[in-house]
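The values are calculated or read from the model by the stated rules, or taken from the named source; none is laboratory data. Keep in mind that what you see is a predicted model, and the values were worked out from it rather than measured. Neighbour counts are summed over all protein chains in view; Cβ atoms, including those assigned to glycine, are modelled from backbone coordinates with ideal geometry.
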Amino acid sequence: MEQVQQRSPWWWVPSLYFGQGIPYFAVMALSTTMYKNTGMSNTDIALYTSWLYLPWIIKPIWSPIVEMFGTKRAWVVLLQMMIAVSLAAVAFTTPLSHFVQLSLAAMWLMAFSSATHDIAADGFYMLSLRQKDQAAYVGVRSTAYRIANVACNGGLTYIAGQIIKHSGNPHLAWGIVYGLMGGVFGLLALYHLFMLPRPAADRKAVHAASPFDEFFNTFKAFFRKDGIVVILLFLLTFRLGESQLLKMAVPFLVDKRVEGGLGLDTSDLGIAYGTVGVLALLAGGLLGGYVISRVGLKRCLWPMAFITHVPDLVFVWLSHAMPENFIVISTAIGLEQFGYGFGFTSYLMFMIMVAEGEHKTAHYAICTGFMALGMMIPQMASGWIQEYLGYPNFFIWACMATIPAFIVTAMVKIDPEFGRK
């Protein structure tokens, strides 16, 4: 038992957060490309896929249950098995006549399983590592999460593009891709069954109050935190502009030039946005985690907010200049993604800071729920806004929507030593 508890975090932190990323990107990113390939409009894509954020928004409702029953380790393994099943279910729907409705149903199962898995995984991370190690490994977990992004938006999108190019059948291509993900995720669940440590702190909670009282006390404790109004405003506004840009980035990159897009095929999208862009995002995430561990979150938050949002102007330039050179397009995307990756580590550490205390697993889930709410609502309207304004004006609008984030960031109060290793 002791040997398992002392296992290096390198054995499980990267794989745990790689596993957290795969279903999220399968639901929120690959689904966008899949539905675009199969002929759905931008308005419908934005509306239907944004609704899939709902499980991440409401997951705080059942987050105390994860704390109250069983261990985080057991929850992680069980939910990874459920995610593997739901990925395979999407694959089985692709050749069916009611593909859209059935695939969305499977996506909903995956989204609920993934959102609950996030609660357990984040709680396991905080219980298994000391605070200084949490700060040190925040870049590692972010990097592993973004590697999942590379695998999905880069490698798997490229594979889908190649299958479409040779077969002319996007339904076949995405059926193969989702089936492959289901198999890999099943293997990942088996790996974690044996490789996750068993920290002493990871145990079923014992409460003096009844489970019903404890459930509501968890929420009361969160909303009684000092500065809760500013905390909620920060969580809701930090990604207001970026979330809209994120939802329309793929349609912009693959739409024909006569429609205002850059006209990339699916394989080129996998290279430019899913590989070059995400590798730049990984580099930014690693550097951001290192900087926070050196100087603390307080000194980093404002500069990181600036570095997160200002590179969004890259898409304004792309939509106006309409470059045809693939290297230029990829470099521009890489610049924007590096800034996002660097700055987003401050958002992760802010949520860890807010969650500190007795109910850290549930409180972190509440934070991520508000983050998801701050993304879902703007994204639901983003397709309609884009089709009304056109891509150039839409990206200007998305940049203007970052202004509230700068205002609220200036109001946040942080312990100067928090996050320093």
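Here's the yes/no breakdown for (1) buried (at least 20 other Cβ atoms within 10 Å of the Cβ); (2) polar (S, T, N, Q); (3) free of Cβ contacts under 8 Å to residues at least 60 places away in the same chain:
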residue: Arg141; (1), (2), (3): yes, no, no
residue: Cys152; (1), (2), (3): yes, no, no
residue: Thr157; (1), (2), (3): yes, yes, no
residue: Ser167; (1), (2), (3): no, yes, yes
residue: Pro170; (1), (2), (3): yes, no, no
residue: Ile176; (1), (2), (3): no, no, no
residue: Met181; (1), (2), (3): yes, no, no
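In region 28-51, the residues that are without any contact (Cβ under 8 Å) to a residue 40 or more places away in the chain form no Cβ pair under 7 Å with any partner that is of a type in the set (S, T, N, Q) and not in a helix (DSSP H, G or I), whether six or more places apart or across chains. Could you say whether any residue in region 258-266 is assigned to a helix (DSSP H, G or I), surrounded by fewer than 22 Cβ atoms within 10 Å (Cβ to Cβ) and in contact (Cβ under 8 Å) with a residue 60 or more places away in the chain? No: region 258-266 contains no residue that is assigned to a helix (DSSP H, G or I), surrounded by fewer than 22 Cβ atoms within 10 Å (Cβ to Cβ) and in contact (Cβ under 8 Å) with a residue 60 or more places away in the chain. Sub-9 Å Cβ pairs linking a first residue in region 371-388 that is of a type in the set (Asp, Glu) to a second residue that is at pLDDT 90 or above, at least 6 apart or interchain, are Glu387/Phe394, ordered by first then second residue.
Against the conditions (1) surrounded by fewer than 24 Cβ atoms within 10 Å (Cβ to Cβ); (2) touching a Gly at 6+ places or on another chain (Cβ under 9 Å); (3) small (Gly, Ala, Ser), Ala115 satisfies every one except (1).
Does Met126 satisfy the condition of being surrounded by 24 or more Cβ atoms within 10 Å (Cβ to Cβ) and over 19 Å from Leu187 (Cα atoms)?
Working: surrounded by 24 or more Cβ atoms within 10 Å (Cβ to Cβ): no; over 19 Å from Leu187 (Cα atoms): yes.
No: the conditions fail for Met126.
Can you tell me which residue within region 216-233, out of those that are closer than 26 Å to Pro404 by Cα and aromatic (Phe, Trp, Tyr), is surrounded by the fewest Cβ atoms within 10 Å (Cβ to Cβ)? First the steps, then the outcome.
First pass over region 216-233, keeping only residues closer than 26 Å to Pro404 by Cα: 222-233.
If we keep only those that are aromatic (Phe, Trp, Tyr) as well, we get 222-223.
Numbers: Phe222: 21, Phe223: 11.
Residue satisfying both the conditions and the ranking: Phe223.
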